[in-house]
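> Take this structure first; my questions come after.
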Amino acid sequence: MSKYNFTDLKRNLESKGYSVSVFEKKEDAANYINEQVNQKSIGLGGSVTIHEMNLFEILSSHNVVYWHDKKPDDMTIMETRTAASRAEVYISSVNAISEVGEIVNIDNTGNRVAAISYGPAKIYLVIGSNKVTADLESAIYRARNIASPLNAKRLNRKTPCAVNGDRCYDCNSPERICRNLSVLWNKPTGADYEVILIEEKLGF
């Protein structure tokens, strides 16, 4: 299988104000982030991609890292999420990105979409090639009907999408995880954003 060509997406993202770095492998991207961030407070968004890159383990050796998947013993999950959103650096993946650079995320609590939109001074968005779609409509479709059901199943939620693993049912289950939708049409002002594009399939 040929590698995804990020040339056009990189150019489109840069035209929207983002810094963009492209890596062939997730290990190269993780090493790059590790070299850029030192002695900082870092927040991590809920992300299978971050798990696959071992970013918590790598960055924790020389930074203070807040991640609700690896919460400190003396903090609740919500306290950890709040600390992550107020950190100097925030790192997350995304649910989908269109080829013109529109970035789509669906969230439950809202901590991830909030931190990506406002708060930390530096934000890294780590994106595998499987997250790229043709346009905004297909990006939203991917976030709702591919990423969200897979995440609901991973989290053992009692929702129709988790049971069937095929699409969003727009359910009213109390365990529904798709409650917030965020679209970044352009880079938000007030923070330094860097998009890390990786020529591998990562996360959901």
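> Tell me which of these Glu175 doesn't satisfy, since it passes every other one: (1) exposed (fewer than 14 other Cβ atoms within 10 Å of the Cβ); (2) assigned to a helix (DSSP H, G or I).
(2)
> Out of all the residues in the range 43-68, which are farther than 19 Å from Glu88 by Cβ and of a type outside the set (Val, Ile, Thr)? Give the derivation first.
Start the filter on the range 43-68 by keeping residues that are farther than 19 Å from Glu88 by Cβ, which leaves 46, 48-49, 51-54, 57.
Of everything in the range 43-68, those that are farther than 19 Å from Glu88 by Cβ and of a type outside the set (Val, Ile, Thr) turn out to be Gly46, His51, Glu52, Met53, Asn54, Glu57.
> So, Arg144, is that one assigned to a helix (DSSP H, G or I), buried (at least 23 other Cβ atoms within 10 Å of the Cβ) and over 14 Å from the mean Cα position of the chain (by Cα) or not?
Values: assigned to a helix (DSSP H, G or I): yes; buried (at least 23 other Cβ atoms within 10 Å of the Cβ): no; over 14 Å from the mean Cα position of the chain (by Cα): yes.
No, not satisfied.
> Can you pull out every residue in the range 1-33 that is among the small types (Gly, Ala, Ser), touching a residue at least 60 places away in the same chain (Cβ under 8 Å) and within 12 Å of Ile198 (Cβ to Cβ)? Walk me through how you get there before you give the answer.
Restricting attention to the range 1-33, the residues satisfying the condition of being among the small types (Gly, Ala, Ser) are 2, 15, 17, 19, 21, 29-30.
Then keep just the ones that are touching a residue at least 60 places away in the same chain (Cβ under 8 Å); that gives 15, 17, 19, 21, 29.
Within the range 1-33, Ser21, Ala29 qualify.
> Just to be sure I understand the filter: pairs with C-beta atoms under 9 Å, separated by 6 or more residues or on different chains, first member in the range 140-157 and more than 21 Å from Asp69 (Cα to Cα), second member among the charged types (D, E, K, R) and in a helix (DSSP H, G or I). Which pairs pass?
Partner pairs satisfying both residue conditions: Arg142/Lys131.
> I've got another one for you. Do we have Gly17 as within 25 Å of Lys131 (Cα to Cα), in a strand (DSSP E or B) and out of contact with any Asp or Glu (no Cβ under 8 Å at 6 or more places or on another chain) here?
Working: within 25 Å of Lys131 (Cα to Cα): yes; in a strand (DSSP E or B): no; out of contact with any Asp or Glu (no Cβ under 8 Å at 6 or more places or on another chain): yes.
In short, no.
Matching residues to (1) β-branched (Val, Ile, Thr); (2) touching a Pro at 6+ places or on another chain (Cβ under 8 Å); (3) within 24 Å of Ala147 (Cα to Cα):
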| position | (1), (2), (3) |
| --- | --- |
| Asn38 | no, no, no |
| Gly43 | no, yes, yes |
| Met78 | no, no, yes |
| Ser85 | no, yes, yes |
| Val89 | yes, yes, no |
| Ser98 | no, no, yes |
| Asn105 | no, no, yes |
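> Let me ask something else about it. Being part of a loop (DSSP other than H, G, I, E, B) and touching a Lys or Arg at 6+ places or on another chain (Cβ under 8 Å) is the filter here, so list the residues in the range 186-204 that pass it.
Of the residues in the range 186-204, the ones part of a loop (DSSP other than H, G, I, E, B) are 186-191, 199-204.
The answer is Asn186, Lys187, Ala191, Glu199, Glu200, Leu202, Gly203, Phe204.
> Out of the residues in the range 56-101 that are among the small types (Gly, Ala, Ser) and assigned to a loop (DSSP other than H, G, I, E, B), state the one that is farthest from the chain's Cα centre (by Cα).
Across the range 56-101, the extreme among qualifying residues is Ser61.
For every residue, the table says whether it meets (1) surrounded by 22 or more Cβ atoms within 10 Å (Cβ to Cβ); (2) of a type in the set (A, V, I, L, M, F, W, C); (3) within 26 Å of Lys10 (Cα to Cα); (4) without any contact (Cβ under 8 Å) to a residue 12 or more places away in the chain.
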{"residue": "Glu52", "(1), (2), (3), (4)": "no, no, yes, no"}
{"residue": "Met75", "(1), (2), (3), (4)": "no, yes, no, yes"}
{"residue": "Thr82", "(1), (2), (3), (4)": "no, no, no, no"}
{"residue": "Ser92", "(1), (2), (3), (4)": "yes, no, yes, no"}
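> Now a separate question. Out of the range 117-161, which residues are among the hydrophobic types (A, V, I, L, M, F, W, C), farther than 22 Å from Glu200 by Cβ, out of contact with any Ser or Thr (no Cβ under 6 Å at 6 or more places or on another chain) and modelled with pLDDT of 95 or more?
As a first pass, look at the range 117-161 and keep what is among the hydrophobic types (A, V, I, L, M, F, W, C): 121, 123, 125-127, 132, 134, 136, 139-140, 143, 146-147, 150, 152, 155, 161.
Those left that are additionally farther than 22 Å from Glu200 by Cβ: 121, 136, 140, 152, 155, 161.
Going one step further and asking which of them are out of contact with any Ser or Thr (no Cβ under 6 Å at 6 or more places or on another chain), we end up with 121, 140, 155, 161.
Selection gives Ala121, Ile140, Cys161.
> May I pose another question? Confirm whether Gly119 is surrounded by fewer than 24 Cβ atoms within 10 Å (Cβ to Cβ) and touching a helix residue (DSSP H, G or I) at 6+ places or on another chain (Cβ under 9 Å). Let's see the steps before the verdict.
Details: surrounded by fewer than 24 Cβ atoms within 10 Å (Cβ to Cβ): yes; touching a helix residue (DSSP H, G or I) at 6+ places or on another chain (Cβ under 9 Å): yes.
Spelling it out, Gly119 is indeed surrounded by fewer than 24 Cβ atoms within 10 Å (Cβ to Cβ) and touching a helix residue (DSSP H, G or I) at 6+ places or on another chain (Cβ under 9 Å).
> Taking into account only those residues within the range 180-199 that are surrounded by fewer than 18 Cβ atoms within 10 Å (Cβ to Cβ) and touching a Gly at 6+ places or on another chain (Cβ under 7 Å), which is nearest to Arg144 (Cα to Cα)?
This residue is Asn180.
The values are calculated or read from the model by the stated rules, or taken from the named source; none is laboratory data. Please read these numbers as outputs of a predicted model, since none were measured by experiment. Reconstructed Cβ throughout: ideal geometry from the backbone, glycine too, with neighbour counts over all protein chains shown.
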